[in-house]
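Structure first, then comments.
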């Protein structure tokens, strides 16, 4: 803590921590989005909010919807669904289901995740919603619920269709939600191969084979969309999520995704500013049994920045004060506002660290008299 400015109206705690502004890395991807999953800091954003055809990457949404039903108890991994002729006839990537088969949901999920099976997607859509169109409507409702802003679904597969779009930002957000909402099922995304109907297929995610800590998620390719990838990797307990689109070949997709992922881990780091429960500052209290109250964060306060960046970031504790008693421990009464190169107004709520009951009668008279004296000086 280098500087502390205290006033009745506002207190500011300024920490000197960062350095030169973040330099964007060039990429051949048409759209690219790289985010630290812990802090939410965006490390790279190239047209990340532009709606574009996601191809098979939209299958992540299909998987999310299936897992959401399992979480609600409306479905189980052992439940079986029938294969229609329409599902069997689906082109593109296939699980190679057979007409009339009843297939377990778990096997269908692996067919979607590992093999990118369009046929498996249709079996799930028809079995759960009656038709693929009805399932797409369900995807749109669910997308609204989880905060996808630039996405619209017309089918379960990502097959080219007018109006079937997602943004790179939405894909990254969806990947993060799937990882955090369904940790017991995320392991399917790291399976390297899956065999169905005596046909063994390898996982198409190139980063799973490149020693970067990758554990998911999904490739995509159509003529319009180009080659894309939504990927996540973990190194030293730090997770990054990357989306790239519009690349020209499988090789370029693999090399560019690896390069950007390694750059994110190499150039940036998460720094802990404060531990959960540690006092960050004291706020003035009006007519309380105590004249101040400790301000604490309920969770660890982390920030993602470049290794070389240490002197330009500021963290300010802001509150309207003095704060009137009584106060309860855990009551939000202030905000920690973090700003700097690459960090746009990140705010952390701060709460009272202890209870502050109202002052007694004589204590209130003393505090009011002291306040009047200070006002006259």
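The values are calculated or read from the model by the stated rules, or taken from the named source; none is laboratory data. None of these values were measured; they are calculated from a predicted model. All Cβ positions, even for glycine, are placed from backbone atoms using ideal geometry, and neighbour counts span all protein chains on display.
Give me a count of the residues in segment 152-188 that are within 18 Å of residue 66 (Cβ to Cβ) and either surrounded by 22 or more Cβ atoms within 10 Å (Cβ to Cβ) or not assigned by TED's automatic domain parsing to the domain that holds residue 81 (or both). The total comes to 9. Only one of the listed residues (111, 127, 147, 163) is within 26 Å of residue 46 (Cβ to Cβ), modelled with pLDDT of 95 or more and touching a strand residue (DSSP E or B) at 6+ places or on another chain (Cβ under 7 Å). That residue is 163.
Only one entry in 315, 334, 325 is closer than 30 Å to residue 361 by Cβ and under 26 Å from the mean Cα position of the chain (by Cα), namely 334. Among the strands (runs of 3 or more DSSP E) confined to segment 232-312, the ones with at least 1 residues that are within 25 Å of the chain's Cα centre (by Cα) are located at 238-247, 268-274, 292-296, 301-306.
With respect to residue 136, determine if the residue is under 29 Å from the mean Cα position of the chain (by Cα) and farther than 26 Å from residue 197 by Cβ. The answer is yes for residue 136. Within the span defined as segment 225-240, one or more residues are free of Cβ contacts under 8 Å to residues at least 40 places away in the same chain, over 22 Å from residue 179 (Cα atoms) and assigned by TED's automatic domain parsing to the domain that holds residue 35.
Annotation: of all residues in segment 189-210 being in a loop (DSSP other than H, G, I, E, B) and in contact with a helix residue (DSSP H, G or I) (Cβ under 9 Å, 6 or more places away or on another chain), the one that is surrounded by the most Cβ atoms within 10 Å (Cβ to Cβ) is 205. In summary, strands (runs of 3 or more DSSP E) completely within segment 34-151 and bearing 1 or more residues that are out of contact with any helix residue (DSSP H, G or I) (no Cβ under 7 Å at 6 or more places or on another chain), without any contact (Cβ under 8 Å) to a residue 24 or more places away in the chain and surrounded by fewer than 17 Cβ atoms within 10 Å (Cβ to Cβ) occur at 102-104.
For residue 319, the criteria (1) modelled with pLDDT of 85 or more; (2) within 30 Å of residue 264 (Cβ to Cβ) hold in every case but one, which is (2). Restricting the search to segment 161-184, which residues are outside any helix (DSSP H, G or I) and touching a residue at least 24 places away in the same chain (Cβ under 8 Å)? The answer is 164, 165, 166, 167, 182.
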